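The values are calculated or read from the model by the stated rules, or taken from the named source; none is laboratory data. All values reported here derive from a predicted model rather than from experimental measurement. Glycine gets a Cβ as well: all are built from the backbone with ideal geometry, and neighbour counts include every protein chain shown. The protein model used for the area step is the full one, side chains on, heavy atoms only, and it has no ligands, DNA or RNA in it. Shrake-Rupley method; radii C 1.70, N 1.55, O 1.52, S 1.80 Å.
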Amino acid sequence: MVLVGGNLGEKYEDNASVFHQYLLEHHREEMDIYWMYDPKTTYVKEQRIPNVVALGSFRNYLLFFKANYSIHGHSIAYDIAPSIDKYIFLNKKTIMIHISHGIECFKKILIQKEDVPLLARCNYFNCASQYEKNIKLHEWGIPEEKLIVTGMARFDRFGPNRPSKKVKHILVMFTWRETLFDLSEEEFLASDYFQSTLKIFQDKRMEALISFGKLHLKVMLHPFMKKFEHLFRNFDISGGEVEFYSFDEISIGDEIIEADMLLTDYSSISWDFLYMNKPIIFFTFDQEEFLKMRGSYLDLDKDLYGYKANTIDEVIEFMSHITERNHTENPFYTIASNYIDYFDRNNCKRLAVEIFRKK
């Protein structure tokens, strides 16, 4: 029996869902496979996902203690069995695997007190590459025997080196800052985060660039942005060619495939764009503060795999360079192998082989 969960059960997205689909296609005959979901959501019915189990239900905990394997993308306590950190060591049977939700390079991990037993009990941690393995080994302190390098599952959905023919559709996604959690609306409106990200779209040069190039920008707001989403939507920007979406309104995977380039700060979806050889602009407007607050495993001045813009002027300059000259490929694709080991569509297969031979 296998339990799979990701994104706190709120969405069928990312590495966990791609690996779950792989298991259904290749191992359904030999094992029972369950997807764990948030009962407040409706996506499991809409997408007709089979064998679903509501997180926090009696059946959830019953299956957790009976399962041979559990596979999670964020945390066992959020994706597989809520609040199980207090009792996790009572489960001596289940082999627990963390497959992550992105390559762990941008943000240094913040290990909370409640995370310690979860990390200790986890049997294996998947790594996208030897580069990521070294981070989990030396920075996280995970024993080497728990680390398996198989590639990132969701890459199987995209395929390597697949740039678009034209740069017209641009995905914009900025990651979260822990300092924003407790801000009031007034404080958030005045924050460097809001002012810097919003001013990009209000700039007259950007409006002209969008109009001239017939560009369409989709801005995906971080899931923690819920209480501030309306503040972005209240602004009339670029004649409707800039649209703001909440995390649960669109599929990240679909948008990565459809988008021709990415504008971000430090989001892990940039790895997907690198893998597909699509251009990336990194807007590092608060780099000094970000490094002090969180830190990064990457050298943000030397190791970025896209155009680095410190100011809005530079963002517009790079946007103009990419769109007006139709530079559909990422010029930093040549260094992709520094961070990614496998450029095929066998990541899920390698992961399954590693997991199921561990029993």
Meets criteria (surrounded by fewer than 13 Cβ atoms within 10 Å (Cβ to Cβ), part of a helix (DSSP H, G or I) and not aliphatic (A, V, I, L, M)) for Arg59:
yes
Among the residues in the range 63-73, are any open to solvent by 50 Å² or more (accessible area, probe 1.4 Å), part of a helix (DSSP H, G or I) and modelled with pLDDT under 95?
no
Does at least one position in the range 88-101 carry a residue that is under 30 Å from Ser296 (Cβ atoms), open to solvent by less than 60 Å² (accessible area, probe 1.4 Å), under 16 Å from the mean Cα position of the chain (by Cα) and of a type in the set (A, V, I, L, M, F, W, C)?
yes
If you take the residues of the range 120-151 that are touching a residue at least 24 places away in the same chain (Cβ under 8 Å) and of a type in the set (D, E, K, R), which of them is surrounded by the most Cβ atoms within 10 Å (Cβ to Cβ)?
Glu132
Taking the range 167-184 and keeping only residues that are open to solvent by 10 Å² or more (accessible area, probe 1.4 Å) and in contact (Cβ under 8 Å) with a residue 12 or more places away in the chain, one is left with Lys168, His169, Met173, Phe174, Thr175, Glu178, Thr179, Phe181
In the range 27-36, what residues are open to solvent by 40 Å² or more (accessible area, probe 1.4 Å), in contact (Cβ under 8 Å) with a residue 24 or more places away in the chain and not acidic (Asp, Glu)?
none
Do we find that His101 is at pLDDT 85 or above and part of a loop (DSSP other than H, G, I, E, B) in this structure?
no
Please state which one of His230, His222, His216 is within 22 Å of Ile103 (Cα to Cα) and surrounded by fewer than 19 Cβ atoms within 10 Å (Cβ to Cβ).
His222
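Residue-by-condition table, conditions (1) of a type in the set (A, V, I, L, M, F, W, C); (2) open to solvent by 10 Å² or more (accessible area, probe 1.4 Å):
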site	(1), (2)
Glu255	no, yes
Asp265	no, no
Val315	yes, no
Phe318	yes, yes
Val353	yes, yes
Do we find that Phe188 is in contact (Cβ under 8 Å) with a residue 40 or more places away in the chain, aromatic (Phe, Trp, Tyr), open to solvent by 80 Å² or more (accessible area, probe 1.4 Å) and more than 25 Å from Leu274 (Cβ to Cβ) in this structure?
no
All-but-one check, Ala81 against (1) modelled with pLDDT under 90; (2) open to solvent by less than 10 Å² (accessible area, probe 1.4 Å), failing number (1)
Note: among Tyr307, Tyr342, just one is open to solvent by 50 Å² or more (accessible area, probe 1.4 Å) and either out of contact with any Cys (no Cβ under 7 Å at 6 or more places or on another chain) or among the aromatic types (Phe, Trp, Tyr) (or both), namely Tyr342
Would you mind stating whether Ser164 is open to solvent by less than 20 Å² (accessible area, probe 1.4 Å) and touching a residue at least 24 places away in the same chain (Cβ under 8 Å)?
no
Which of the residues spanning the range 285-315 are closer than 26 Å to Arg154 by Cα and touching a strand residue (DSSP E or B) at 6+ places or on another chain (Cβ under 6 Å)?
Leu304, Gly306, Tyr307, Lys308
For helices (runs of 4 or more DSSP H) lying entirely in the range 225-314, having 2 or more residues that are without any contact (Cβ under 8 Å) to a residue 24 or more places away in the chain picks out 229-233, 287-293
If a residue must be surrounded by fewer than 20 Cβ atoms within 10 Å (Cβ to Cβ) and touching an Asp or Glu at 6+ places or on another chain (Cβ under 7 Å), how many such residues does the range 109-119 contain?
2
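Going by the conditions given, is Arg162 under 15 Å from the mean Cα position of the chain (by Cα) and under 22 Å from Tyr22 (Cα atoms)?
No; evaluated as a whole, the condition is false for this residue.
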